[in-house]
């Protein structure tokens, strides 16, 4: 059996991955990455991981990657919000930290693979193409292929996802049956480096982060009402574009005869564009440079675009332009935000490519939505 390093965070998923590989007879080692700043107030998983690894007779190694995590995830996260975008830090972490610096640490320990608790399927290459094939997980509600879409193929070839065919409840039952205590029993939040949960904690973190770097947060600007006839009318003042996101309804603070939604954020004019629900439809988008996990020469004509994590992939057509994706949806979709991911799948749930949304095209109204 091969030597496999298992990235253990302290949650039930990674602990189950470790347990399964140990049962299968692999030469396993546990690898815990220190990512978040010690001052973030997060729970310390190490004591519990030490006990679990001792019970499984598995060596535990610790890699201090806090500087890398700050440089590659936290700093871009803060800058993206300052630029009027809605970033996806989990995708950055997977690409640059977990399958970047943490994978390097695993290889330096003699491991041939890095296993994680991600819910995704990874199948071997099919010659003559020498690249692994990434698919959505069997349990669609837990699927994390969306967040893995930016990991380059040459790094995915070292990945192993033992939970690909498993359900969350099954994993929790296996860990409990083994008599292991999960160090971090609550599900991890999207922003692991933010103390607390919810919009207020998110905003407080950004203000503190910017203050520590001497960055002034983007200030107030005009709220522009899109009436649907191609004209924008100033109707109020927003408190900073970073406080809003596309599709938001509550907290806009503008009285109107119908509910208003955030349609887009125009960072060139520092303007927040709002309008009625009938204007929310998005017809397509384009990305910056994409990560291709399948040669476009082998793509089917009809593909599916997943533009938000909680949305199902929608039928689309894609044109590739200078390494970027121009996506045209067959039907209107709820708007995505520049800075989020656009992931392309085939009908069999295989990830073909992923990219960061740079521009959104709406079906109605005068709103504009672009990254700058």
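Among (1) surrounded by fewer than 16 Cβ atoms within 10 Å (Cβ to Cβ); (2) at pLDDT below 90; (3) within 29 Å of the chain's Cα centre (by Cα), there is one condition residue 194 misses while meeting the rest; what is its number?
In the conditions (1) surrounded by fewer than 16 Cβ atoms within 10 Å (Cβ to Cβ); (2) at pLDDT below 90; (3) within 29 Å of the chain's Cα centre (by Cα), residue 194 misses (1) alone.
Got at least one residue in the stretch 260-281 being within 26 Å of residue 152 (Cβ to Cβ) and surrounded by fewer than 18 Cβ atoms within 10 Å (Cβ to Cβ)? Outline the logic, then answer.
Step one: of the stretch 260-281, the residues within 26 Å of residue 152 (Cβ to Cβ) are none.
For the stretch 260-281, residues within 26 Å of residue 152 (Cβ to Cβ) and surrounded by fewer than 18 Cβ atoms within 10 Å (Cβ to Cβ): absent.
Results for (1) in a loop (DSSP other than H, G, I, E, B); (2) closer than 20 Å to residue 60 by Cβ; (3) out of contact with any strand residue (DSSP E or B) (no Cβ under 9 Å at 6 or more places or on another chain), shown as yes or no for each residue.
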{"site": "117", "(1), (2), (3)": "yes, yes, no"}
{"site": "165", "(1), (2), (3)": "yes, no, no"}
{"site": "175", "(1), (2), (3)": "no, yes, yes"}
{"site": "183", "(1), (2), (3)": "yes, yes, yes"}
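Give the residues of the stretch 228-250 that are in contact (Cβ under 8 Å) with a residue 40 or more places away in the chain, part of a loop (DSSP other than H, G, I, E, B) and within 26 Å of the chain's Cα centre (by Cα), sorted by residue number.
Within the stretch 228-250, 245, 246, 247 qualify.
Quick one: residue 188 ticks every box in (1) closer than 30 Å to residue 52 by Cβ; (2) modelled with pLDDT of 90 or more; (3) under 22 Å from the mean Cα position of the chain (by Cα) except a single one, so which number is it?
So the condition that residue 188 fails would be (2).
Anything in the stretch 237-262 that is in contact with a strand residue (DSSP E or B) (Cβ under 7 Å, 6 or more places away or on another chain) and over 24 Å from residue 204 (Cα atoms)? List them, or say none.
Across the stretch 237-262, the qualifying residue is only 260.
For the stretch 241-259, what are the residues that are in contact with a helix residue (DSSP H, G or I) (Cβ under 9 Å, 6 or more places away or on another chain) and crowded, with 16+ Cβ neighbours inside 10 Å?
If the condition is that a residue be in contact with a helix residue (DSSP H, G or I) (Cβ under 9 Å, 6 or more places away or on another chain) and crowded, with 16+ Cβ neighbours inside 10 Å, then 241, 242, 243 are the ones that fit.
Filter the stretch 19-36 down to residues that are touching a residue at least 24 places away in the same chain (Cβ under 8 Å) and not in a strand (DSSP E or B), then give me how many there are. Working first, answer last.
As a first pass, look at the stretch 19-36 and keep what is touching a residue at least 24 places away in the same chain (Cβ under 8 Å): 19-22, 25-36.
From what's left, not in a strand (DSSP E or B): 19-22, 25-26, 35-36.
Residues flagged as touching a residue at least 24 places away in the same chain (Cβ under 8 Å) and not in a strand (DSSP E or B) within the stretch 19-36 amount to 8.
Quick one: residue 50 ticks every box in (1) in a helix (DSSP H, G or I); (2) touching a strand residue (DSSP E or B) at 6+ places or on another chain (Cβ under 8 Å); (3) surrounded by 21 or more Cβ atoms within 10 Å (Cβ to Cβ) bar one, so which box is it?
(3)
Of the conditions (1) touching a residue at least 12 places away in the same chain (Cβ under 8 Å); (2) surrounded by 12 or more Cβ atoms within 10 Å (Cβ to Cβ); (3) out of contact with any helix residue (DSSP H, G or I) (no Cβ under 6 Å at 6 or more places or on another chain), residue 202 satisfies every one except a single condition; which number is it?
Condition not satisfied by residue 202: (1).
Could you count how many residues in the stretch 135-157 are in a loop (DSSP other than H, G, I, E, B) and closer than 12 Å to residue 355 by Cα? It would help to see each step written out before you state the result.
The initial filter retains those residues of the stretch 135-157 that are in a loop (DSSP other than H, G, I, E, B), namely 137-139, 143-144, 149-152, 157.
Those still in the list that are closer than 12 Å to residue 355 by Cα too: 149-152.
Adding up the residues that qualify gives 4.
The values are calculated or read from the model by the stated rules, or taken from the named source; none is laboratory data. In this text, all values refer to a predicted model and were calculated from it rather than measured experimentally. In this analysis, Cβ positions are derived from the backbone assuming ideal geometry, glycine residues included, and neighbour counts consider all displayed protein chains.
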